[in-house]
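No value in this document is a laboratory result; all are computed from the given coordinates. Because the structure is a prediction, the values reported are computed rather than measured. Note that we place each Cβ from the backbone using ideal geometry, even for glycine, and neighbour counts take in every protein chain shown.
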Amino acid sequence: MTRLSETQGLPDDVRVPAYDRAALGEGIVHLGLGAFQKSHLAVYTDDALARSGGDWRIVGVSLRSDQAVRDLTPQNGLFTVIEAGVDGTQARVVGAVSRALAHAHGDAEAVRAVLADPATRIVTITVTEKGYGLDRARGGADPQHPAIAHDLVHPEAPVGVAGLLVQALAARRAAGVPPFTILSCDNLPGNGDLVRGLILDVAGRRDPALRDWIAGAVACPNAMVDRITPAPDAEVRAMAAAMTGRTDAGAILTERFRQWVIEDRFPEGRPDWEAGGALFVEDVAPYEHMKLRMLNGSHSMIAYAGVLTGHTHVRDVMADAALARLVRRHLAAAAATLAPLPGIDFAAYGDDLARRFANPHLAHRTAQIAMDGTEKMPQRIYAPARDARTGGQDLRPFAFATALWMRFALGRHDDGTTFDLNDPRSDEIAARLQGATTAPGILAALTGEGSFLPTDLADDTTFAGVVTDILADLLERGAAATIADEARA
Ligand code: CS2
């Protein structure tokens, strides 16, 4: 079988880019060339190029690995996106990525050049919550984060997101080139504002005048992104080969659903992302709360419950009647913390989410979602728990999710077998948990501002009491029995 590298000769039912790729120039640099940008940014941009054209093709940059470059360079940037609805799958070959660069594998100079190029008008980012080096408690940069620490000492040879952006903006300012717009596509609350705070902090430590210029000139719109995209595996690549008749090292499988809500602040222009269904609004926050609390919050609960009960995929959790009931309960509790959003029925959104989680074509590993809990829990669980407390609503679903994470943080199953937390703070967690064997001891060890249970929630006797009771149950009776009882409650 030949390798995918052009779109001629593909089967008729495989959708291909409806534009002349070579005729359109580059305009976006994307940092973090993973599966999610392929299923989301690249697909929306493909639709925009097909409908309205424009020099907006994407230069994809991997910051650490060179896997994406090895996958995409021989394929001329092309890759297959398999879109799986509950009723079947469809393949499309996406052409929006023009080329891929591996920053840490010889392409640093090329990355520097393309970030400085006046043609680059937008820099998009998917590096996951932990990739930025944010100080979540105080705002700005975390000087302990490895990339931030490196880039503060070597601002001319940056390796991290903040260092690269600040260095590129400094070069553009010196050359009289307008700055690019920065668009984060990660699941962080107020992602644009957080990136802005991050780069202002890093720039200010280097040159206050640069900081002021960035503060006045750089737009960082907030955005809500959504498309469930499991890490691809050999099975996905085999499916793509069967559907397209080509081998494709970069193939991914995602759901049919996708959503993107963006604040329309792009001083240097942007692609016609509406062509792919993107919604442009004044204020993204209500959409983002809905998605982070309902989808991602339930996802995290599903992930910890799933890992602890041996359910490998999200769909398996949804096939477990007790857990499916608790997912419904969580969705309703998260919805109750939201301010009304005109035109959106949270109950219907929750029903859709339950269907999306149960999608039989998506092998979305609970262990994948369980990663990086310290970076995810604050916006997914603690923030809505706080609002539920203020609103006098039921705290139990949030306490349940918190207890599950704390039990997960012990790094062992009920039968004593161990697993990796895959969390940037796993060493700190292990150190905090030294000698903590009881539920109150564990709760106290995992309390603290920033990444752990915030003290105001830990000090709330109702919330802490429920967390402690559930955690004690998990420790004494095991995950399955505790979950069965919880679902009966
Ligand atoms: C998931 C998200 O891995 C995770 O933490 O909750 O990646 C989720 O699949 C996406 O946000 C869906 O848009």
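Let me know the Kirkwood hydrodynamic radius for the range 1-89, please, with Cα pairs as the basis and the value in Å to one decimal. Working shown, then result.
Details: mean 1/r = 0.0702 Å⁻¹.
After inverting the pairwise mean of 1/r, the radius is 14.2 Å.
In which sequence would 6, 263, 255 go, from the one with the fewest C-beta neighbours within 10 Å to the one with the most?
Numbers: 6 14, 263 19, 255 22.
Ascending Cβ contact count within 10 Å gives the list 6, 263, 255.
Using only helices, what value at 222 nm comes out for the chain when you add -39,500 (n - 2.57) per DSSP H run of length 4 or more and divide by the total residues, to the nearest 500 deg cm²/dmol?
On the way: 23 runs with 222 residues, N = 489.
Result for the chain, helices only: -13000 deg cm²/dmol.
If the chain between residue 5 and residue 461 were fully stretched, how many nm would it gain, using 0.36 nm times the residue separation less the Cα-Cα distance? The partial results should precede the final answer.
Values: separation 456, 0.36 × 456 = 164.16 nm, distance 6.05 nm.
Net length gain for the segment: 158.1 nm.
Can you give the translational diffusion coefficient of the range 229-369 in µm²/s, computed by Stokes-Einstein from the Kirkwood radius over Cα pairs at 4 °C and 1.567 mPa s? Write out the running numbers ahead of the final one.
On the way: Rh = 17.0 Å.
The calculation lands on 76 µm²/s.
Quick check: residue separation of residue 476 and residue 367 times 0.36 nm, minus the Cα distance between them. What number comes out in nm? Don't skip to the end; give the middle numbers.
Values: separation 109, 0.36 × 109 = 39.24 nm, distance 2.32 nm.
That works out to 36.9 nm of additional length.
Answer rounded, prolate or oblate for the range 175-302, using the Cα gyration tensor with square roots of eigenvalues a ≥ b ≥ c: rounded when a/c is under 1.5, else prolate when a/b is larger than b/c, else oblate. Spell out each step's value before the answer.
Details: a/c = 2.10, a/b = 1.72, b/c = 1.23.
Prolate is the answer for the range 175-302, as a/c is 1.5 or above and a/b outweighs b/c.
As I understand it, the value is the acute angle between the Cα axis of helix 191-206 and the longest principal axis of the Cα atoms of the chain; what does it come to in degrees, rounded to 10?
70 degrees
Which ordering of 364, 150, 103 is given by a fewest-first count of other beta-carbon atoms within 10 Å? All intermediate terms of the calculation are to be shown ahead of the outcome.
Working: 364 26, 150 16, 103 23.
Least crowded to most crowded, the residues run 150, 103, 364.
Enumerate the calculated ³J(HN,Hα) couplings along the range 228-244 in order (Karplus 6.51 cos²θ - 1.76 cosθ + 1.60, θ = phi - 60°), each rounded to whole Hz, writing x wherever the residue is Gly or Pro.
For the range 228-244, the Karplus-derived couplings read 6, 9, x, 4, x, 9, 4, 5, 5, 5, 5, 4, 4, 4, 5, 7, 10 Hz, x marking Gly and Pro.
Is the range 374-489 rounded, prolate or oblate when judged by the Cα gyration tensor, a ≥ b ≥ c being the square roots of its eigenvalues, rounded requiring a/c under 1.5 and prolate requiring a/b larger than b/c? If you can, show how the numbers build up before the last one.
On the way: a/c = 1.72, a/b = 1.16, b/c = 1.48.
It is oblate, given that a/c is not under 1.5 and a/b is not larger than b/c.
Report, largest value first, the span of the C-alpha coordinates of the chain along each principal axis, in whole Å.
The Cα atoms of the chain stretch 63, 56, 45 Å along their principal axes.
Return the tail of the calculated pair distribution for the range 158-237, meaning the percent of Cα-Cα pairs more than 22 Å apart. Walk me through the intermediate numbers first.
Numbers: 1063 of 3160 pairs.
The share of Cα pairs beyond 22 Å in the range 158-237 comes to 34 percent.
Please rank 185, 220, fewest neighbouring Cβ atoms within 10 Å first, as an exposure proxy. Don't skip to the answer; put the middle values down first.
Numbers: 185 22, 220 25.
Going from sparsest to densest Cβ surroundings: 185, 220.
Gap in Å between the Cα centre of the range 307-371 and the Cα centre of the range 443-457?
Computed from Cα coordinates, the inter-centre distance equals 25 Å.
For a paramagnetic label modelled at 7 Å from the Cα of residue 428 toward its Cβ, which residues of the range 438-452 fall within the zone defined by backbone nitrogen distances under 18 Å?
442-452
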